[in-house]
Amino acid sequence: MVGMIKNKKIYAVLAALCAVASAIGPFGWNVSVANASYHFSDFQGTPPVHVYKSAQAKPSGVTPAQIKKIYKLPSTGGKGTIALIDAYDDANIESDLAVFDKQYNLPACTTTNGCFERHKMATSTTSNSGWAMETSLDVEWAHAIAPTAKILLVEAKTQSGANLLSAVDYAAARKDVVAVSMSWGGAEFSDELSYDSHFIGASSGTVFFASSGDDGTGASWPAASPNVIGVGGTSLELASSGALIAESAWSGSGGGVSAYEKEPAYQAAYKIAKANGMRAIPDVAYDADPASGYPVYLTTGNTTKAKGGWNTVGGTSAGAPQWAAIQALGGSAELTKFYTDKASTSTLKYFRDITSGSNGTCKYYCDARKRYDYVTGLGTPQTTKF
C-alpha cells in the first residue's frame with residue numbers, strides 16, 4: 001500500500017500517524033516500541049489497574065495484615081507525607097477510605113484530623129471511573145501500610161503528560177513529602193530525558209516511585225527515569241490460612257531496557273547483565289497479580305451500588321503506593337542503597353529474590369532469575385530499612 005502513495009507529504013503524515021498509533025496497546029501503550037516521532041506532547045498516562053472482582057458486598061483478597069506479614073512490615077507506623085499522583089476527581093475518596101479503615105481496624109484518616117489532604121490541580125476537574133478505582137487503591141493501601149503517615153492526594157486535571165507532571169511538581173515542592181507515588185505510565189518518548197528533572201523533590205528525603213506497566217516485557221516512563229524507583233509485579237501463592245507458599249514473577253509485569261535513558265551509576269556499579277549501558281527496569285517488585293489482589297472500596301462511578309462497593313484489584317499500580325508507604329515507614333528506601341544492599345552478603349535481609357516466572361517469550365529479558373532480572377528487578381521487600 002505504501003508503494004501506491006506517490007505524494008511524499010501525504011506519506012510523511014501517514015507514517016507519523018502510524019508511529020504514534022503503534023505506541024498504543026491494551027495498557028495504553030506498547031512498551032516494546034520506541035518511536036522518534038512520539039514526544040512528550042503525545043504522552044497520556046494510564047493507570048495499570050486490573051479489576052479481578054467488582055461490586056461485592058464483602059471484601060475479598062489479601063488483607064493488610066497478610067501483606068505485612070509476607071513482606072515483614074510493621075503493623076503500624078509512618079512519618080511524613082505520602083503524595084499520590086492521580087488524574088481526575090474522586091469526590092467520594094474520603095468517605096470510601098473511612099469504610100476501608102473501619103473494615104480493617106485502621107486509624108481514621110480524615111481532613112478533620114489532618115491525616116488526609118486532597119488537592120485538585122484545577123477546580124473544574126471532572127470524574128473518571130477508571131481513575132477513581134486507581135485513586136481508591138492508592139489512598140486506601142498507602143494508608144494501610146503506613147497508618148500514621150499523612151496522605152496527600154494530588155488530582156491532575158487530566159491524564160495528559162503536562163497535567164500529570166504539574167501534579168508531580170506540586171507534590172515535589174512540598175517539604176513534608178517523603179515519597180511520591182505515580183501509579184501510571186506510558187510509552188517512552190524521544191525527549192523524555194528533558195523531563196527527568198521533575199523527579200527531584202524539595203526535601204532530601206523525597207523518593208519517587210512508578211509502576212512498571214502491566215503488558216509484560218517492555219520499558220515505560222516514568223519508571224524508566226533514573227530518578228524514579230520502578231516497581232514491577234509478582235504473583236503470590238497463598239495457603240488457605242493466608243500464609244505465603246511461594247512468590248513468582250507476574251506475567252503482566254513491565255520491564256526491560258530503556259531506549260533513551262543511559263545506565264545510572266547505581267546500576268553500573270551493580271553490573272546488570274545485558275543492559276548494554278542503558279537503564280534497566282524495574283528496580284524492585286511487589287504483589288501485582290489480580291488473582292492475589294487487593295480489596296478496594298469504591299463508590300465513585302459504581303453503577304451497581306445495590307451489590308456493594310468492594311472490588312478486588314491488581315496490577316503494578318498496587319506496588320507503587322505501597323513502596324511509597326515503605327519509604328514513610330523506614331525513611332531509607334533509595335536507589336543507591338537498594339543496589340548496594342542486594343550486592344551485600346546479607347541480601348536476603350533486604351529482598352526476597354524472585355527466581356521463577358516470566359513476562360513474555362524473550363527468554364533472558366523475560367525470565368526471573370537470581371540476582372537481578374528485568375521482570376522483578378532486585379526482588380520484593382523484606383524490611384523497611386535499607
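Couple of notes before you dig in:
- Within region 144-176, considering residues that are of a type in the set (S, T, Y) and assigned to a loop (DSSP other than H, G, I, E, B), the one surrounded by the most Cβ atoms within 10 Å (Cβ to Cβ): T158
- Qualifying positions in region 260-290 - without any contact (Cβ under 8 Å) to a residue 40 or more places away in the chain and either part of a strand (DSSP E or B) or under 16 Å from the mean Cα position of the chain (by Cα) (or both): K262, M278
- Subset of region 60-75 (residues that are at negative phi and part of a loop (DSSP other than H, G, I, E, B)): S60, V62, T63, Y71, L73, P74, S75
- Residues in region 328-352 that are out of contact with any Phe, Trp or Tyr (no Cβ under 9 Å at 6 or more places or on another chain) and in contact (Cβ under 8 Å) with a residue 12 or more places away in the chain were compared, and the one that is nearest to G213 (Cα to Cα) is A328.
- Inside region 177-188, residues that are over 16 Å from S166 (Cα atoms) and either of a type in the set (A, V, I, L, M) or surrounded by fewer than 24 Cβ atoms within 10 Å (Cβ to Cβ) (or both) make up a count of 3.
- Answer residue from region 111-143, given it is among the β-branched types (V, I, T) and assigned to a helix (DSSP H, G or I) and is surrounded by the fewest Cβ atoms within 10 Å (Cβ to Cβ) among those: V139
Rundown of residues vs (1) open to solvent by 40 Å² or more (accessible area, probe 1.4 Å); (2) modelled with pLDDT under 95; (3) not hydrophobic (A, V, I, L, M, F, W, C), yes/no style:
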| residue | (1), (2), (3) |
| --- | --- |
| A210 | no, no, no |
| D215 | yes, yes, yes |
| G218 | no, yes, yes |
| W221 | no, no, no |
| A224 | no, no, no |
| V231 | no, no, no |
| A249 | no, no, no |
| G256 | no, no, yes |
| Y260 | yes, no, yes |
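- Here the condition is being open to solvent by 10 Å² or more (accessible area, probe 1.4 Å) and either acidic (D, E) or within 30 Å of N92 (Cβ to Cβ) (or both); of D289, D283, it holds for D289 alone.
- Within region 98-121, residues that are of a type in the set (D, E, K, R) reach partners that are part of a helix (DSSP H, G or I) and open to solvent by 40 Å² or more (accessible area, probe 1.4 Å) with beta carbons closer than 8 Å, at six or more positions or on different chains, in the pairs R118/E94.
- The one condition in (1) surrounded by fewer than 22 Cβ atoms within 10 Å (Cβ to Cβ); (2) touching a Phe, Trp or Tyr at 6+ places or on another chain (Cβ under 6 Å); (3) over 22 Å from D214 (Cβ atoms) that Y365 fails to fulfil: (3)
- In region 186-231, the residue that is farthest from A171 (Cα to Cα) out of those that are in a loop (DSSP other than H, G, I, E, B) and among the aliphatic types (A, V, I, L, M) is A219.
- Against the numbered list (1) out of contact with any Pro (no Cβ under 8 Å at 6 or more places or on another chain); (2) more than 18 Å from I67 (Cβ to Cβ), P264 comes up short only at (1).
- The number of residues in region 306-331 being modelled with pLDDT of 95 or more, open to solvent by 10 Å² or more (accessible area, probe 1.4 Å) and either at positive phi or among the hydroxyl-bearing types (S, T, Y) (or both) comes to 1.
- N30 meets all of the listed conditions (1) under 22 Å from the mean Cα position of the chain (by Cα); (2) at pLDDT below 95; (3) part of a strand (DSSP E or B) but one, namely (3).
The values are calculated or read from the model by the stated rules, or taken from the named source; none is laboratory data. Remember, it's a predicted structure, so these values are computed and weren't measured experimentally. Ideal geometry is used to build each Cβ from the backbone, glycine not excepted, and the neighbour counts take in all protein chains shown. Just so you know, the surface numbers come from the protein's heavy atoms only, side chains and all, with ligands and any DNA or RNA stripped out. Shrake-Rupley method; radii C 1.70, N 1.55, O 1.52, S 1.80 Å.
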